[in-house]
1. Here is a list: S50, S30, S65. Which entry is polar (S, T, N, Q) and in contact with a Cys (Cβ under 8 Å, 6 or more places away or on another chain)?
2. Would you say A38 is within 12 Å of the chain's Cα centre (by Cα), open to solvent by less than 60 Å² (accessible area, probe 1.4 Å), among the aliphatic types (A, V, I, L, M) and over 24 Å from P88 (Cα atoms)?
3. Being within 22 Å of A38 (Cα to Cα) and in contact with a Phe, Trp or Tyr (Cβ under 9 Å, 6 or more places away or on another chain), is that true of even one residue in the range 84-95?
4. Just to be sure I understand, how many residues within the range 6-35 are open to solvent by 50 Å² or more (accessible area, probe 1.4 Å), touching a Gly at 6+ places or on another chain (Cβ under 9 Å) and in contact (Cβ under 8 Å) with a residue 40 or more places away in the chain?
5. Would you tally the residues in the range 49-78 being surrounded by fewer than 16 Cβ atoms within 10 Å (Cβ to Cβ) and touching a residue at least 40 places away in the same chain (Cβ under 8 Å)?
6. For the range 47-101, what are the residues that are part of a loop (DSSP other than H, G, I, E, B), of a type in the set (A, V, I, L, M, F, W, C) and under 17 Å from M1 (Cα atoms)?
7. Please find, among G94, G85, the residue that is surrounded by 14 or more Cβ atoms within 10 Å (Cβ to Cβ) and at positive phi.
Amino acid sequence: MDDPNVVFVDVRETNERRKTGVLKGSVHASRGFLEFHADPNSPTHVKPLSSGKRLVLYCASGNRSALAAKTLKSIGIANVSHVAGGFPAMQKAGGETESAA
């Protein structure tokens, strides 16, 4: 979790993030708009998605993040994985959390 070459990406919706908090230092790229967030030419582009760093996606349970990882791979972003078990697994592993902005 402390690797500077890793970006944790929260693919949950904003209301979920507000209810439970987020992994400290993670970026938000909701699954519903992921293709737009990943596109450098999109006005909603999330710059860390094109940083070249390893992207580790998480959601509430691990299902959406698995689909999101597959989607990113299909559009050419290869260095991506997801967290089985989602946000609760990150908390259990000692991931520091904070309130969603």
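1. Just a single option satisfies the conditions, and that option is S65.
2. So A38 passes the test.
3. The answer is yes, given that some residue of the range 84-95 is within 22 Å of A38 (Cα to Cα) and in contact with a Phe, Trp or Tyr (Cβ under 9 Å, 6 or more places away or on another chain).
4. Final tally of qualifying residues: 1.
5. Counting residues in the range 49-78 that are surrounded by fewer than 16 Cβ atoms within 10 Å (Cβ to Cβ) and touching a residue at least 40 places away in the same chain (Cβ under 8 Å) gives 4.
6. C59, V83, A84, A93
7. G85
The values are calculated or read from the model by the stated rules, or taken from the named source; none is laboratory data. Everything numeric in this text was worked out from a predicted model, so none of it was measured. Don't worry about glycine lacking a Cβ; one is built from the backbone with ideal geometry, like all the others, and counts go over all protein chains shown. Quick note on the areas: whole protein, heavy atoms, side chains included, nothing else; ligands and nucleic acids left out. Shrake-Rupley method; radii C 1.70, N 1.55, O 1.52, S 1.80 Å.
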